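Each remark here refers to the structure printed beneath this line.
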Amino acid sequence: MSTTDCLFCRIVAGEIPATVLRETRTTLAFRDIDPKAPVHVLVIPKEHYADVATLAEGDPGLAAEVLATAAAVAEEEGLLGDGFRLLFNTGTYGGQEVFHVHAHLLGGAPLGPMLTSNLS
Ligand code: 5GP
Ligand code: ZN
């Protein structure tokens, strides 16, 4: 996928605006445009990887940097005391919609069960 085809690559390039909370040399954290919790932040590697499995295989160090940035944002957003959820939707069954790997950092209120009980 070329940079211009990928929404999150375009955010990295500054072509699409985002509310950036933290930027490192290799990662970016910005608020989700449609928050599902009082705090809902997306944490991405700047380099394009489609999903967390591809990232972990291709560059495990970069995967660790994504986690470190997520943890730093969790602290900055005051989530460490009451806790938070960090998740990677992956592929069709995981409900992934944007195919540039991103961690969802969710918190600020009790988040309820991990899954809705609509599995058949
Ligand atoms: P996924 O379903 O792929 O795990 O999550 C994609 C997330 O990207 C969704 O939570 C959605 O609200 C968010 N999103 C989609 N388009 C934009 C955008 O243009 N800007 C921001 N900040 N978030 C977006
Ligand atoms: Zn991308």
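The values are calculated or read from the model by the stated rules, or taken from the named source; none is laboratory data. The structure presented is a predicted model; accordingly, all values stated were derived computationally and were not measured. As a convention, Cβ positions derive from the backbone with ideal geometry for all residues, glycine included, and neighbour counts pool all protein chains shown. Quick note on the areas: whole protein, heavy atoms, side chains included, nothing else; ligands and nucleic acids left out. Shrake-Rupley method; radii C 1.70, N 1.55, O 1.52, S 1.80 Å.
General remarks:
- Entry remark, the stretch 32-44: residues being among the charged types (D, E, K, R) and either crowded, with 16+ Cβ neighbours inside 10 Å or within 14 Å of ligand 2 (Cβ to nearest atom) (or both) number 1 in total.
- Candidates Ala68, Ala63 - the one that is more than 14 Å from ligand 1 (Cβ to nearest atom) and either open to solvent by 80 Å² or more (accessible area, probe 1.4 Å) or more than 26 Å from Thr4 (Cβ to Cβ) (or both): Ala68
- Filtered residues of the stretch 72-103 (kept if within 12 Å of Val52 (Cα to Cα) and assigned to a helix (DSSP H, G or I)): Gly91, Gly94
- For first residues located in the stretch 29-46 and over 19 Å from Ala72 (Cβ atoms), partners that are open to solvent by 10 Å² or more (accessible area, probe 1.4 Å) and hydroxyl-bearing (Ser, Thr, Tyr) and lie 6+ apart or on another chain with Cβ distances below 7 Å do not occur.
- Cβ pairs under 7 Å, 6+ apart, first in the stretch 10-27 and closer than 17 Å to Glu65 by Cα and open to solvent by less than 60 Å² (accessible area, probe 1.4 Å), second of a type in the set (A, V, I, L, M) and part of a helix (DSSP H, G or I): Leu21/Val73; Thr26/Leu62; Thr27/Val66
- Filter result for Ala29 (out of contact with any helix residue (DSSP H, G or I) (no Cβ under 9 Å at 6 or more places or on another chain) and under 29 Å from Gly112 (Cα atoms)): no
- Cβ pairs under 8 Å, 6+ apart, first in the stretch 69-98 and at positive phi, second in a loop (DSSP other than H, G, I, E, B): Gly91/Asp51; Gly95/Asn89
- Residue check, Leu106 touching a helix residue (DSSP H, G or I) at 6+ places or on another chain (Cβ under 6 Å), outside any loop (DSSP other than H, G, I, E, B), in contact (Cβ under 8 Å) with a residue 12 or more places away in the chain and buried (at least 16 other Cβ atoms within 10 Å of the Cβ): no
- Scanning the stretch 87-103 for residues that are under 19 Å from Ile33 (Cβ atoms) and open to solvent by 30 Å² or more (accessible area, probe 1.4 Å) yields a total of 7.
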